[in-house]
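A short write-up of the structure that comes next.
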Amino acid sequence: MRIARILQKDKETFAIMNNNGKGITRDEIINQLNLFLPYDLEDFLFYGYAKFIRDTALSKLSYYHQFDEFHLLPPIIRTFKIICLSFNYIDQGSWIRFGKNPPKEPVIYLKPRTSLIGPFEDIVCPDFVNELDYEGELALIIGKRCKKIDIYDALDYVAGYFILNDISSRDVQFMDKQYSRAKGFDTFGPCGPWVTTSDEIPDPNKLHLVTKVNDEIRQNSSTENMVLKVNEIISKLSRIMTLEPGDIISTGTPSGTGLSLSSTSKYLKNNDIVEVEIEKLGKIRNKVVIVRD
């Protein structure tokens, strides 16, 4: 099931999207099935309503809307934590250049939820940032509270998956010697286009990922190339901190970023168009807008 947060008549609600790009809104589902549904996407996803619809009524729904009729918003906004991984692709090579081995534990930083924007909204960057970079990533949403879970059970705690572009100011990153400010700007987290529930992604460790800038392919990899697999990431993080429904984990980015290409010409410029597409999850597309600070 694909569940999108949408803006309809200046009101936030959610819609279910089918594989043909058509959608049906919460109110229309209620009218068709004559049942109660919560207002928020998070409650619909975390408290069994989505599973009930999927198991009993999904095939009965009539979809009225074309995809482009909806203004899509970030799929998850009620999140306590956005946990991002560094150095988690074997083709990334950054740890190799420094003579290091791939990490055996997740190397993480936290990104604020105010950085999240919808899948087709603008990345707004202040003009004092000189090295703006993209990072196409697979993100997952925790669906159940968990602590110290086994690696073999970890995927049972995933509610769904979506795309996240972990936009970064490399010059700020190198100046600070850490990541939070460089990746914490408002709008530096384009994501979506919807939540694809975990039942549709039996193996998140085998998904093709492509990032383009102005139609030029920059990243072309697969989650098969992750150092720590999705279930390992969840299990290891749950031994550090309690994971809660709505927590987002972004699993790292492969090679092909402006930083990894070691070319200032590959950093993002005003009016650039950045697209990230992941197999089975859809595509996000965002324009870069540089503004005077």
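The values are calculated or read from the model by the stated rules, or taken from the named source; none is laboratory data. Computed from a prediction, not measured in an experiment: that's the story for all the values here. A quick note on method: Cβ atoms are made from the backbone with ideal geometry, for glycine too, and the neighbour counts reach across all protein chains shown.
Structure above, values below:
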| item | result |
| --- | --- |
| Residue within the range 136-143 that is touching a residue at least 60 places away in the same chain (Cβ under 8 Å) and within 20 Å of ASN270 (Cβ to Cβ) present | no |
| Any hit, the range 82-100, residues being among the aromatic types (Phe, Trp, Tyr), touching a residue at least 60 places away in the same chain (Cβ under 8 Å) and assigned to a loop (DSSP other than H, G, I, E, B) | yes |
| Contacts under 6 angstrom Cβ, first residue in the range 16-35 being assigned by TED's automatic domain parsing to the domain that holds SER59 and part of a strand (DSSP E or B), partner surrounded by fewer than 17 Cβ atoms within 10 Å (Cβ to Cβ) and among the acidic types (Asp, Glu), 6 or more apart | none |
| Residue among ASN231, ASN286, ASN220, ASN270 that alone is in a loop (DSSP other than H, G, I, E, B), at pLDDT 95 or above and in the same structural domain as ASP156 (by TED's automatic domain parsing) | ASN270 |
| Extreme residue, farthest from LEU164 (Cα to Cα), among residues of the range 57-75 that are at pLDDT below 95 and either in a helix (DSSP H, G or I) or in contact with a Pro (Cβ under 6 Å, 6 or more places away or on another chain) (or both) | LYS60 |
| Single residue of LEU281, LEU209, LEU261 found to be on the phi < 0 side of the Ramachandran plot and surrounded by fewer than 19 Cβ atoms within 10 Å (Cβ to Cβ) | LEU261 |
| Any hit, the range 251-267, residues being out of contact with any Phe, Trp or Tyr (no Cβ under 6 Å at 6 or more places or on another chain), of a type outside the set (Phe, Trp, Tyr), closer than 23 Å to PRO112 by Cα and part of a strand (DSSP E or B) | no |
| So ASP43, is it surrounded by 15 or more Cβ atoms within 10 Å (Cβ to Cβ), part of a helix (DSSP H, G or I) and either in contact with a Ser or Thr (Cβ under 8 Å, 6 or more places away or on another chain) or modelled with pLDDT of 95 or more (or both) | yes |
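Every residue, every condition in (1) farther than 30 Å from SER262 by Cα; (2) surrounded by fewer than 24 Cβ atoms within 10 Å (Cβ to Cβ), yes or no:
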residue: ASN130; (1), (2): no, yes
residue: ALA139; (1), (2): no, no
residue: ALA159; (1), (2): yes, yes
residue: PHE162; (1), (2): no, no
residue: ASN165; (1), (2): no, no
residue: MET175; (1), (2): no, yes
